[in-house]
1. Using helices alone, what [θ] at 222 nm do you get for the chain, with -39,500 (n - 2.57) per DSSP H run of 4 or more residues, divided over all residues and rounded to the nearest 500?
2. How large are Rg and Dmax for the chain when calculated on the C-alpha trace, in angstrom?
3. Using Cα positions and a limit of under 20 Å, work out the aspartates and glutamates in reach of Lys29, with same-chain residues fewer than 8 apart set aside.
4. Decide, for region 75-177, between rounded, prolate and oblate: order the square roots of the alpha carbon gyration tensor eigenvalues as a ≥ b ≥ c, take rounded if a/c falls under 1.5, and otherwise choose prolate if a/b is larger than b/c, else oblate.
5. At 7 Å along the Cα-to-beta-carbon direction for both Glu37 and Gln79, put a label point, then send me their distance in nm to one decimal.
6. Put +1 on the Cβ of each Lys and Arg and -1 on the Cβ of each Asp and Glu in region 89-159; which of Gly112, Leu146, Gln100 then has its Cα farthest toward the positive end of the dipole?
7. Considering only protein heavy atoms and a 1.4 Å probe, what is the carbon-and-sulfur percentage of the accessible area of the chain?
8. Please calculate how many Å² of accessible area the chain carries per residue, with a 1.4 Å probe and no DNA, RNA or ligand atoms counted.
Amino acid sequence: MNTGDLHRREGPRNIRFAWVTVSSSRYFKLKKGEDVEDASYSVARHIIQSSGYKLTRYILVPDNPRLLLSALDALLDSQDVDIIVFSGGTGPTPDDLTVQTIRPLFDKEVEGFGDVFRTVSLKDAGSSSFLSNATAGIVSGKVVFLIPGSPGAVETALRELICPEAGHIIGLARRGL
């Protein structure tokens, strides 16, 4: 058995996710009292729960650095969260601020996540997959993923990468804590 398989087997199984949708349009509709559909969150909830994990928190924030940081701080302080996923705000437009806001707080970046995500996305998204700045990192023993907000990107990230490695990466992130 290789080391990766051993770590995967020994990793925690009771993993709790928090989901943060980053969308100014949805946020302001909700603030006006309008109904808001979050298709990506629906996809995420289904995949996370069908993978045997719990989804304990959901937050909707606009593309605003102060509110992004506030959401992260609240989730880092939470005892019922192991993995935090920010969905949205990872592209090249001027208002895509998730990566630039959250990445500087990483204790350690998991650089391979973004590379592998873009490679895996190539088959579905085509050449536009390189426009994503998706990445991941570890903050205070919790794993934080920054992924695009489209339902297809959410499905790819969760099914192909995040859920299969959740216990493994949490076990590694908490080693020595």
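1. The helix contribution divided over the chain gives -13000 deg cm²/dmol.
2. Both quantities, over Cα of the chain: 15.5, 55 Å.
3. Leaving aside aspartates and glutamates fewer than 8 places away in the same chain, those within reach of Lys29 are Glu37, Asp38, Asp63, Asp95, Asp96.
4. prolate
5. Distance between label points: 3.9 nm.
6. The listed residue farthest towards the positive side: Gly112.
7. Values: 4590 of 8960 Å².
For the chain, the apolar C and S fraction of the accessible surface comes to 51 percent.
8. On the way: 8960 Å² over 177 residues.
With the other protein chains kept in place, the chain gives 51 Å² per residue.
The values are calculated or read from the model by the stated rules, or taken from the named source; none is laboratory data. As the structure is a prediction and not an experimental result, all values here were calculated from the model. Note: ideal-geometry Cβ built from the backbone for every residue, glycine included; neighbour counts use all protein chains shown. All accessible areas refer to the heavy atoms of the entire protein, side chains included, with ligands and DNA or RNA removed. Shrake-Rupley method; radii C 1.70, N 1.55, O 1.52, S 1.80 Å.
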